[in-house]
Amino acid sequence: MEHLHGLMRSTCNGLGSCSRQPNYCIFCALSFLLLPTSIIQAAVPVCVFSPTPLTEDIERTLQSVLFAFEDAANRTDYIAPSLADIPAGLEFQVLTWSDVDTNNETALFVQNCIDQKGVGMLTITGDESTLTAVLLAKEVQSIVLSPVATSTNLNQPGLQVLARTIPNILFQGAAAMEFLVHMNWTKVACVFENSDYGRSYASVVFELSQLVSEVDIKTIMFECDNQTSVERAMEQAATWGARIFLGILRDCDAEVLLSGARTGGVLQQGYAWLLGQGFVIDHNNSTRLAELLNGTLAINLRKDVTGVQHLAERFQAAFAANETTLEVTNASITVKDLYAYDAGVALATAIGLVYEEQGNVTQEDGNKIFNAVVDHDFVGASGEMHFDRQAERELAVYDVYNFQGNDWVPVAEIKSENYCLMNECNSTVLLYGDIIWIGNHWETPNDGLSCPIGSTFITKNLACAITFAITAPYKETTNESAAGWSRVAAAAMLAVIHVNDRNDTVVPLASTLDDRVWSESQSSFGVTAMLLDSTETNSTNTGTRSFNDECLRFDNEHNGCAAVIGAAYSRTSTPIATLGGAYNVPQVSYWSTSRDLSTESNYPYFSRVITQDDSSGAAFAQLCYHFNWTTVAVLYISDVYGTGYANSFGDSARELGINVKTSQSFDDSNDASLTAALGKIADSGARVILAIFFSNNAELVLTFADDMGLVGPGFVWLICDGVADGNQLLEHATDRDRVSDLCLGMLRLATVGNSNTERFLNLAAAYREEIAGILERYPELAVALNLADEQQFPGNSTDEYSSIMGWAYDAVFAAAFATNMMTESDVGKDHWAKRVYEHLKSNVSFEGNSGVSINFDDVGDRNTNDLKMYLKNWAGDDGFTLTGYFTAQSDSEGFLLDIVSPIIWSDNTTEIPQDGFSCPLGYMYNTTTLLCTPCPAGSYLDEELVKCALCSPGTYSPEEGQTQCIHCYENSYAEHEGSTKCEQCPNNTKSNTRAIIRTECLCKTHFYLPEEGEEGDACEECPIGALCAGDYLLEDGTRVTQSPVADEGWWWTDTAGESLLFSFAFCTPRGI
């Protein structure tokens, strides 16, 4: 402490001992000389603690603190402009203690400070001593400033008396994590020295990796200056497979650490080393250390250039005035010196704010001073100074240095408010310089696991290769189907070859694929492919199992797949899309059309180059409207494809006023289910049937329907594109002749895209050229494909698989364009699929085999603006032949139907069948004549049953062709069904307008039914002198017959019917 004693003597005229007792130094605006005791007592005491031994670095840091208080007393704003605002009359009494190396010593000195009524403490000691100061300061509500201590334990709830101008170790670790994430390094070995600092730093980095889940950190400890311990740590890291290292050391010799890394084979080309904040870069390294450091990186808090210059000048002025023996240059100023000066500024300024508010400051004002520190931002030696509500330094900037040749070169900065402290890293890393990596290479090392999902690290060229999973049911049981799907898979493999070769014969934009992907260091963009079988066996979905086993496989040889191309069937794509959403794998299907797959919330990363079933459903509805079929039945297979297709058609049909009479599903593994569904369709009377199933269901469905009288003349079957063309459909049949006969007159709709013949011929030519190599690499496809035949492709083939090949080819290119647009900021397994999906929807648009404008809507569906759908008719032995086109119009106009050849219907004529529900009003469809016939007189057309029904009693129909019967008019009745007219009620009777039988004809008023008469007979006129009220019906239909009664002034004789005049006076009438 003798050196400091001399420093203080020159500054403060030597105030007492500098060992165990405090040194008193008073700074005011007028003089630094010893002041009278009265003034000393009026000054605000602050305490400064420093460690021993008193090295030149510690002395410089301590002097930086003292300069801050001196500048505050003088209102000198050269370094910190806010010091000019220190209130007049405020003075500072600085009490300094050194030899603060143990907790006991810290406690003693802090107590001395408290006894001296110190209103604030500033410590440049380590974490443990600072914690002791914090605990004691808390008891008296004082405040502690630190430019050195970084432990996160120092600002726990209830201990908030500490403010620090250096970012705590959490922010330091977060900045390092930020850089690792930015560099797309997801597997990192954190090797750290066995010290409080090293353990704390490693713990922070590991915990952050668990929080943000973007970097897998393995922490490995080593002992300082112990070569064996270092080499053991390197061996452990190498065994784990680490290629990226974060080195944490402050007290240890970097040369020992890096020598061990070189010996362990982890300090060479293809590896990266980032040294943490504790390693202070030195521009005067030894020759050996400089050689080891070449290509490494170091992260250090930024030294503000202006602050360094001004503080150095402050030292130089003091040295010239013999106020210090320290000779300081810009290069010798450290970050700690800058933060120490700013700690003094923060404390002095906060005391000034409290002083200005209340006219004095005491030890009890610690909380107010703390809040003033938090609330007051200023510019200091280290740059802009901001504190959060816990008085932690915010917005610190870190520089990343790269050792090139013999010196450190700044290459990047890290500046962020939150770094990786939230659930994700909000990267603000700016790379502004070229990095020369270990081994004098320019390409960024890859950790082997930080390739995006679906890419595999290739050690040979230190790059990632994207993997696409090509999914197809190429092992289907029939030869025709297996060959067709194998050919589709091979077409997708051909697209992979063309992507890598930038071959633009089919897709003109192939040549524009960027060689750079993910980061500037990636040397080339390439695609590899894995082949997944999605053939369904019984109830086992092999596509899903293959996806789980291969696409989600992560080990030393696999990193899953970057995208799925496929699947073919919607019921296979559905579970894959669900898994893809959960595990962040994008999917581009070439043949799955279910509308349910457009539900982005359920299948967030599913897309397709084929249009979904809403288009097909709308086209079929348009077809029904075109032929005036107003009532249709729907039969569909009970899977996601069938259900979605049926719903799509139903929605479009309703918009066009077409009635779906019944919609029945069936389980293709349950004959009883099919029988029940067909039975309900038969009961509905529908003659036009939309059938949604697959080729392997065709024979069963059609033969069952035929047995129930639902196939043949008078019936129309509309077939979805799940049923293949001609020979492919019959390939599944055991009785081909019968199935072919049953198919007569059927119409099939297939989405084909606006195919460009030239491009398809180019695809076919390339297929013939490459198929040998494809089959050699993927021999499982050769099981169903004959090389000699494939080398003649397409030959005379016109099957549907040729169209699907084009879809599959375009699906690969869609995925390639989207993944090629990925940038450095897109990297990361957690959002890989999301970014690819966003690019696909927003940025991918190209001309391919299936259309001149392949692009996608906001849920990943292929836009329909350039699509055609073929309408095909089974007209005989040639199977389905082209009979018309549906061309997509604008969204509001639907599809335009163009019939190009006559349609042969199920009766082998070109006469358009009726749907059985579209006859004129009052007419019924005759299933024998297949014509509309009028309902005869006495009947009407029951619109619900769509057949003629006899008029019920009480109604009649006088003519044929009626839609309803007429209720009998007043005073008439109709006793029997099928009446063509109503009968008149007998004389002197009446009825309401719904009389059914003669007995409902009742006597009118003034008439009565003689006792000898029967209900329904004619009524007689009421006798003279009597009243006849007429008959009526009770609510339950009982007839009440009323006999005559004597009128007023009349009475009945008890002789047979003879009446006598009694008198003209009133008398009570008597009944008979």
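Among the residues that make up segment 332-341, is at least one of them part of a loop (DSSP other than H, G, I, E, B) and touching an Asp or Glu at 6+ places or on another chain (Cβ under 9 Å)?
Pass one, segment 332-341, residues part of a loop (DSSP other than H, G, I, E, B): 333-334.
Subsequent filtering for residues that are touching an Asp or Glu at 6+ places or on another chain (Cβ under 9 Å) retains 334.
Scanning segment 332-341, I find at least one residue that is part of a loop (DSSP other than H, G, I, E, B) and touching an Asp or Glu at 6+ places or on another chain (Cβ under 9 Å), so the answer is yes.
For segment 318-329, which positions are in a helix (DSSP H, G or I) and open to solvent by 60 Å² or more (accessible area, probe 1.4 Å)?
First, pick out the residues of segment 318-329 that are in a helix (DSSP H, G or I): 318-320.
Listed by number, the residues that qualify are F319, A320.
For a quick check of your reading of the model, give me the residue pairs whose first member lies in segment 645-658 and is touching a residue at least 12 places away in the same chain (Cβ under 8 Å) and over 13 Å from D613 (Cβ atoms), whose second is open to solvent by 60 Å² or more (accessible area, probe 1.4 Å) and basic (K, R), with beta-carbon atoms closer than 6 Å and at least 6 apart or on different chains.
That search, which allows pairs on different chains as well, returns nothing.
List pairs: first in segment 255-273 and part of a strand (DSSP E or B), second surrounded by 21 or more Cβ atoms within 10 Å (Cβ to Cβ) and among the polar types (S, T, N, Q), Cβ under 7 Å, 6+ apart or cross-chain?
These pairs meet every condition: W273/T296.
Name the strands (runs of 3 or more DSSP E) wholly inside segment 368-413 in which the number of residues that are open to solvent by 40 Å² or more (accessible area, probe 1.4 Å) is 3 or more.
On the way: elements: 378-380, 383-387, 397-404.
Result: empty, no element qualifies.
Just to be sure before I move on: is V711 open to solvent by 20 Å² or more (accessible area, probe 1.4 Å) and either touching a residue at least 60 places away in the same chain (Cβ under 8 Å) or touching a strand residue (DSSP E or B) at 6+ places or on another chain (Cβ under 8 Å) (or both) in the structure I sent? Walk me through how you get there before you give the answer.
Values: open to solvent by 20 Å² or more (accessible area, probe 1.4 Å): yes; either touching a residue at least 60 places away in the same chain (Cβ under 8 Å) or touching a strand residue (DSSP E or B) at 6+ places or on another chain (Cβ under 8 Å) (or both): yes.
When the stated conditions are applied, V711 passes them.
How do the pairs read when you match residues in segment 901-924 that are under 30 Å from A937 (Cα atoms) with residues anywhere that are open to solvent by less than 80 Å² (accessible area, probe 1.4 Å) and basic (K, R), using Cβ under 9 Å and keeping only pairs 6 or more apart or on different chains?
P913/R687; Q914/R687; D915/R687; G916/R687; F917/K661; F917/R687
Are any residues in segment 630-643 buried (at least 24 other Cβ atoms within 10 Å of the Cβ) and among the small types (G, A, S), and if so, which ones? Step through it out loud before you land on a result.
Initially, segment 630-643 is screened for residues buried (at least 24 other Cβ atoms within 10 Å of the Cβ), giving 632-637, 641-642.
Of everything in segment 630-643, those that are buried (at least 24 other Cβ atoms within 10 Å of the Cβ) and among the small types (G, A, S) turn out to be A633, G642.
Give me a count of the residues in segment 717-744 that are surrounded by fewer than 23 Cβ atoms within 10 Å (Cβ to Cβ), at pLDDT 90 or above and in contact with a strand residue (DSSP E or B) (Cβ under 7 Å, 6 or more places away or on another chain).
2
Yes or no: T219 in a helix (DSSP H, G or I), among the β-branched types (V, I, T) and either open to solvent by 10 Å² or more (accessible area, probe 1.4 Å) or over 20 Å from N440 (Cα atoms) (or both)?
Working: in a helix (DSSP H, G or I): no; among the β-branched types (V, I, T): yes; either open to solvent by 10 Å² or more (accessible area, probe 1.4 Å) or over 20 Å from N440 (Cα atoms) (or both): yes.
No, not satisfied.
Look at segment 778-805 and say how many of its residues are assigned to a helix (DSSP H, G or I), at pLDDT below 90, more than 17 Å from E731 (Cβ to Cβ) and of a type outside the set (A, V, I, L, M).
Result for segment 778-805: 2.
Looking only at segment 1008-1025, decide whether some residue is out of contact with any helix residue (DSSP H, G or I) (no Cβ under 9 Å at 6 or more places or on another chain), buried (at least 17 other Cβ atoms within 10 Å of the Cβ) and among the hydroxyl-bearing types (S, T, Y).
Within segment 1008-1025, one or more residues are out of contact with any helix residue (DSSP H, G or I) (no Cβ under 9 Å at 6 or more places or on another chain), buried (at least 17 other Cβ atoms within 10 Å of the Cβ) and among the hydroxyl-bearing types (S, T, Y).
How many residues does segment 937-959 contain that are at pLDDT 85 or above, part of a loop (DSSP other than H, G, I, E, B) and surrounded by fewer than 16 Cβ atoms within 10 Å (Cβ to Cβ)?
2
Would you mind telling me which numbered condition in (1) on the phi > 0 side of the Ramachandran plot; (2) assigned to a helix (DSSP H, G or I) R75 fails?
In the conditions (1) on the phi > 0 side of the Ramachandran plot; (2) assigned to a helix (DSSP H, G or I), R75 misses (2) alone.
Of the residues N103, N155, N112, which single one is in contact (Cβ under 8 Å) with a residue 24 or more places away in the chain and within 13 Å of V48 (Cβ to Cβ)? Don't jump to the end; show me each part of the working.
On the way: N103 fails: within 13 Å of V48 (Cβ to Cβ); N155 fails: within 13 Å of V48 (Cβ to Cβ).
Only one candidate qualifies: N112.
Within segment 925-934, can one find any residue that is touching a residue at least 40 places away in the same chain (Cβ under 8 Å), open to solvent by 30 Å² or more (accessible area, probe 1.4 Å) and not in a strand (DSSP E or B)? Write out each step before concluding.
Of all residues in segment 925-934, those touching a residue at least 40 places away in the same chain (Cβ under 8 Å) come to 925, 927, 930.
Restricting the remaining residues to those that are open to solvent by 30 Å² or more (accessible area, probe 1.4 Å) gives 927, 930.
Still in the running and not in a strand (DSSP E or B): 927, 930.
Yes, there is a match, as at least one residue in segment 925-934 is touching a residue at least 40 places away in the same chain (Cβ under 8 Å), open to solvent by 30 Å² or more (accessible area, probe 1.4 Å) and not in a strand (DSSP E or B).
May I ask you to verify whether D549 is under 26 Å from the mean Cα position of the chain (by Cα), open to solvent by 10 Å² or more (accessible area, probe 1.4 Å) and modelled with pLDDT under 85?
On the way: under 26 Å from the mean Cα position of the chain (by Cα): yes; open to solvent by 10 Å² or more (accessible area, probe 1.4 Å): yes; modelled with pLDDT under 85: yes.
So D549 passes the test.
Mind checking which residues of segment 182-196 are over 25 Å from the mean Cα position of the chain (by Cα) and crowded, with 22+ Cβ neighbours inside 10 Å?
Result: V188, A189, C190, V191, F192, E193.
Looking for whichever is under 20 Å from V632 (Cα atoms) and buried (at least 16 other Cβ atoms within 10 Å of the Cβ) here; the options are F856, F846, F917. Which one fits? Give the derivation first.
On the way: F856 fails: under 20 Å from V632 (Cα atoms); F846 fails: under 20 Å from V632 (Cα atoms).
None of the other options fit; the residue is F917.
For segment 660-674, which positions are surrounded by 15 or more Cβ atoms within 10 Å (Cβ to Cβ) and of a type outside the set (K, R)?
Initially, segment 660-674 is screened for residues surrounded by 15 or more Cβ atoms within 10 Å (Cβ to Cβ), giving 660-666, 668, 673-674.
Of everything in segment 660-674, those that are surrounded by 15 or more Cβ atoms within 10 Å (Cβ to Cβ) and of a type outside the set (K, R) turn out to be V660, T662, S663, Q664, S665, F666, D668, S673, L674.
The values are calculated or read from the model by the stated rules, or taken from the named source; none is laboratory data. Here the structure is a predicted model, which is why all the values come from computation and not from measurement. All Cβ positions, glycine included, derive from the backbone under ideal geometry; neighbour counts span all protein chains shown. To get the accessible areas, we keep the full protein, side chains included, count just its heavy atoms, and leave off ligands, DNA and RNA. Shrake-Rupley method; radii C 1.70, N 1.55, O 1.52, S 1.80 Å.
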